[in-house]
Amino acid sequence: MTTFGEPLMSDHNLPTVAFLGLGIMGLPMAKRLADAGFPVRAWNRSHARAAELKHPGATICATASEAVKGARIVIVMLSSGPVVDKVLFDVDENGHSPSEVIEPGSLVIVMSSIPVETAKAQAEILAQKDVRFLDAPVSGGEPGAKDGTLTIMVGGKAQDFERASAVFAPLGRAVHVGPTGSGQLAKLANQVIVGVTIAAVSEALILAEAGGADPAAVREALLGGFADSAILRQHGQRIIERNFIPGGHATTQLKDLTTASNHAASLGRSLPFLNLCREEFEAMCRHDMGDHDHSALFLELEQKSRMPD
């Protein structure tokens, strides 16, 4: 396992970065790269959202193929594997496929959460065009994207990881976890922990309140103890405040848990807590809470916790 140290490129020799996808996470990430001095060529499917990237170091492009033209590093931050495939490999409004426009020797970094096999397939297609590839999904939500404190799990060749260290530095802490697909595998592991822990924190606070304790005081008492976690700290506070404005959508959590469950099955493994958690997120999304923050699983579990008289 390798972690990066200081960026390898000087501030006077920063490559142009194409950034595809300016959603909840992508917009602040692109801003941080521009703030760090990288020339950024940005594209988003919604032009109104792209217009929010107001930075003298950033150029808004009308199409994905226009954005990648002349860029040595292409970062993709889109919602799913099929969307990444479509944006990279389909012909866009310019009549070009971005994958055909990317210069040989360039590096594509897919920071979306996508299936392991999808990442491997994308790497193979790009390798035929002499384009290098890293799968580098992230954890930390919108706050981490804004603050540059994301956890970045990177799969691919070690030399490509080192090449990308200067790009990762403004975004967070990057760790090289293995060959292509390993970043996505690490993200699946992350999402299993996140989903199951949200459920555990939710049920703990439901228990505390039902028994007559102050949930906020119980959360405070648990901080620093063996039950402490980022989920208890951040999402426990969200639950107490009932603030479910999305930093990470429940639909995205469900997508990742479903991917994790399917991948485990392909490896001959059944993970019972993962599957139970996925079922609860499925129910939550059926009950029109898919656009809520994933910590709103609390509402689904709170409703189910009420036993009939």
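We did not get these values from a lab; they are worked out from the coordinates using the rules stated. Nothing here was measured: the structure is a model prediction, and the numbers come from that model. Cβ: placed from backbone, ideal geometry, glycine included. Neighbour counts: every protein chain shown.
Please report the base-10 log of the normalised intensity I(q)/I(0) for the chain, using a Debye sum with one equal scatterer per alpha carbon and no solvent, at each q in 0.07, 0.15 (1/Å).
Listed by q, the Debye log ratios stand at -0.29, -1.18.
What 222 nm value per residue comes from the helices of the chain, counting each DSSP H run with n ≥ 4 as -39,500 (n - 2.57) and dividing by all residues, nearest 500 deg cm²/dmol? Mind showing how you got there, number by number?
Details: 15 runs with 145 residues, N = 309.
Result for the chain: -13500 deg cm²/dmol, rounded to the nearest 500.
What is the spread of the Cα atoms of region 70-155 along each of their three principal axes, largest first, in whole Å?
Projected onto its principal axes, the Cα set of region 70-155 covers 36, 26, 24 Å.
From the convex hull of the Cα coordinates of region 186-305, what is the mean projected area in square nanometres? Let's see the in-between values first.
Details: hull surface 29.6 nm².
For region 186-305, averaging the hull's shadow over all directions gives 7.4 nm².
Over region 26-153, what is the relative contact order in whole percent, taking alpha-carbon pairs under 8 Å and six or more residues apart?
21 percent.
When only Cα pairs under 8 Å and 6 or more residues apart are kept, what is the percent relative contact order across region 105-252? Walk me through the intermediate numbers first.
On the way: 199 pairs, mean separation 28.5, N = 148.
Relative contact order comes out at 19 percent.
Add +1 for every Lys or Arg and -1 for every Asp or Glu among the other residues with Cβ under 12 Å from the Cβ of A145, and state the total. Walk me through the numbers on the way to the answer.
On the way: positive: K31, R32, K146; negative: E142, D147.
Overall, the nearby charge balance is +1.
Relative contact order, percent, of the chain when contacts are C-alpha pairs under 8 Å separated by at least 6 residues? All intermediate terms of the calculation are to be shown ahead of the outcome.
Details: 571 pairs, mean separation 44.1, N = 309.
Dividing the mean separation by the residue count of the chain yields 14 percent.
Hey, got a sec? Which chymotrypsin sites (Phe, Trp or Tyr not before Pro) in region 205-309 land in a DSSP loop and have at most 10 other Cβ atoms within 10 Å? Walk me through the intermediate numbers first.
Details: sites: F226, F244, F273, F281, F298; in loops: F226, F244.
Counting only loop positions with at most 10 other Cβ atoms within 10 Å, the chymotrypsin sites (Phe, Trp or Tyr not before Pro) in region 205-309 are F226.
Report the far tail of the P(r) of region 126-214, meaning the percent of Cα-Cα pairs longer than 23 Å. Walk me through the numbers before you get to the answer.
Details: 1550 of 3916 pairs.
Percent of Cα pairs beyond 23 Å in region 126-214: 40.
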